[in-house]
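The structure appears right after this line, and notes come after that.
The values are calculated or read from the model by the stated rules, or taken from the named source; none is laboratory data. Just so you know, these numbers come straight off a predicted model, no measurement behind them. Virtual Cβ from ideal backbone geometry, glycine too; neighbours counted across all protein chains shown. Ligands, DNA and RNA are stripped out before the accessible areas are found, and what is left, the full protein with its side chains, is counted by its heavy atoms. Shrake-Rupley method; radii C 1.70, N 1.55, O 1.52, S 1.80 Å.
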Amino acid sequence: MSDPLQVLLQGPAKPSLFPPDSRYAGIDTGKLTTVDGKTIVYLRRRFVPPPERFWQICDANAAMRPEELTEIVGRTLRITLPEGIPGQPNA
């Protein structure tokens, strides 16, 4: 059960453009107005999820869907290291 005081302090929940299980859920949006007056809405920076989530591999390989990782036989995949773990330069 939620602590009513914490719920009150957090304020109303912000609506999201993405479902709760999306890797983009909860990410704030920003607006950019170009010189010709056009408004562009974009997602602000998001932090990569914990390593136990398969989305980290999708992020490292610019894949929007997990199935993209295995569509090409023999594709080389990038596997990123968790934050704070140093890797080999130019590996």
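Points worth noting:
- Trp55-Gln88 pseudo-label distance in nm [points 7 Å out on the Cα-to-Cβ vector]: 3.1
- Measuring with a 1.4 angstrom probe and ignoring ligands and nucleic acids, Arg44 comes out at about 120 Å² accessible.
- Working from label points 7 Å from Cα in the Cα-to-Cβ sense, the Ile27 to Leu43 distance is 0.2 nm.
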